[in-house]
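In what follows, a structure is listed as C-alpha cells, so that the remarks can point back to it.
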Amino acid sequence: MTTYLSVNHVSKKINGYTVLDDITFSLDAGKIYGFNGINGSGKTMLLRAILALIKTTGSITLKQQPVTLNQPFPVKVGALLEHPSVISEFSAVKNLQLIAHLQTNTTQKDIEDALLLVGLDPSDRRKVKKYSLGMKQKLGLAQAFLGNNEPLVLDEPTNALDANSIARLKTTLKKVSSQRHNHFTNMP
Ligand SMILES: Nc1ncnc2c1ncn2[C@@H]1O[C@H](COP(=O)(O)OP(=O)(O)OP(=O)(O)O)[C@@H](O)[C@H]1O
Ligand SMILES: [Mg+2]
C-alpha cells in the first residue's frame, strides 16, 4: 500500500489551549477513512489542518508533498467542512457554476451529474434559501464531488440527511472510492 496522507507530530494550540496534541498517523491511497471522537475532540480542526487552512506545528504531507498554510496545495481536493458554503440568493446550479469556473474541464453536464449524484434536481430553479437543511447539505456534498477531485475531505457529511440519503451517500462514496478517490471523512 502507498501512503497517501502522512500526519507527523501535529499539534495546535489556540490561546494556550491545546486542541490538537501531537497527532501522528498515515493513511493509504484508495480507501475511505473516518475520524471518530467526542464533540470538541478536534476532528474538524484536524481536517482543517489536513486542508492547510490553519497553522500547526509538526508536518503533513499528501502524496509526499508538504501541506502548508499559504503555500499551493499539492493536490486538487473536494471538501465540505462543517456547514456548506452556499450563496443563498442563487440556485443550486448557479452555485455549482461558480465553483466550476475555478476548475478546468468541468462542464454543465458535470454540474447536473453532481446534483443527481446527491439526489438534487438540476432543473430546480429555486434560490438555495428556499432549500431545506438536508437539501443544503446535499448541495455542499455536490460542491465537494464536482470536478472529481481527490481526496474528498468531508466533515460530518451525513448532517441533516434522512436515512435514505445517508444510505445513498455511503453507496456513492464506496462507488467513487473504488473508481479513484481517497476520502477522509468525519462520518458515523
Ligand atoms: N476558533 C476557535 N478558537 C478557539 N478554540 C476553538 C476554535 N474552534 C474550535 N476550538 C476548540 O478546538 C477544539 C476542537 O474543536 P473541533 O471543532 O475540531 O471539534 P470537533 O471534534 O470537530 O467537535 P464536533 O464533534 O462538535 O464537531 C474544541 O475544544 C473547541 O472548543
Ligand atoms: Mg466538528
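A short reminder: the numbers here are calculations on the coordinates, not readings from a lab. Keep in mind that this is a model prediction, so the values were computed, not measured. Note that we place each Cβ from the backbone using ideal geometry, even for glycine, and neighbour counts take in every protein chain shown.
Things worth noting here:
- Ascending count of other beta-carbon atoms within 10 Å, so fewest first, for 126, 168, 48: 126, 168, 48
- Candidates 40, 30, 134: whichever shows maximal mean-square fluctuation once the chain is modelled as a Gaussian network with Cα springs under 10 Å: 40
- Principal axis dimensions, region 54-164 - Cα atoms, whole angstrom, descending: 44, 30, 25
- Straight-line reach from residue 43: taking Cα to Cα under 17 Å and skipping same-chain neighbours fewer than 8 places apart, the lysines in range are 12, 13, 55.
- Equivalent ellipsoid dimensions for the chain as semi-axes, Å, which come from the Cα gyration tensor, largest first: 29, 18, 16
- Zone residues, region 1-31, relative to residue 104, backbone N less than 17 Å from point 7 Å out along Cα-to-Cβ: none
- Net charge in the neighbourhood of residue 11 (other residues with Cβ under 15 Å of its Cβ; Lys, Arg +1, Asp, Glu -1) is +2.
- Paramagnetic reach from residue 3 (point 7 Å along Cα→Cβ, amide N under 11 Å) across region 51-84: 60-65
- Net length available on complete extension from residue 170 to residue 121 is 15.7 nm, with 0.36 nm assigned per residue and the Cα-Cα distance removed.
- Other residues with beta-carbon under 12 Å from the beta-carbon of residue 118 carry, at +1 per Lys or Arg and -1 per Asp or Glu, a net charge of 0.
- Counting charges near residue 20 (Lys, Arg +1; Asp, Glu -1) among other residues having Cβ under 9 Å from its Cβ returns a value of 0.
- Note on the chain: with a GNM built from Cα contacts shorter than 10 Å, the maximum mean-square fluctuation among 104, 61, 18 falls on 104.
- Using the Cβ-Cβ distance between residue 17 and residue 160 with R0 set to 41 Å, the FRET efficiency from 1/(1 + (r/R0)^6) comes to roughly 0.90.
- Taking only the alpha carbons of region 16-104, we obtain Rg and Dmax values of 15.6, 43 Å in that order.
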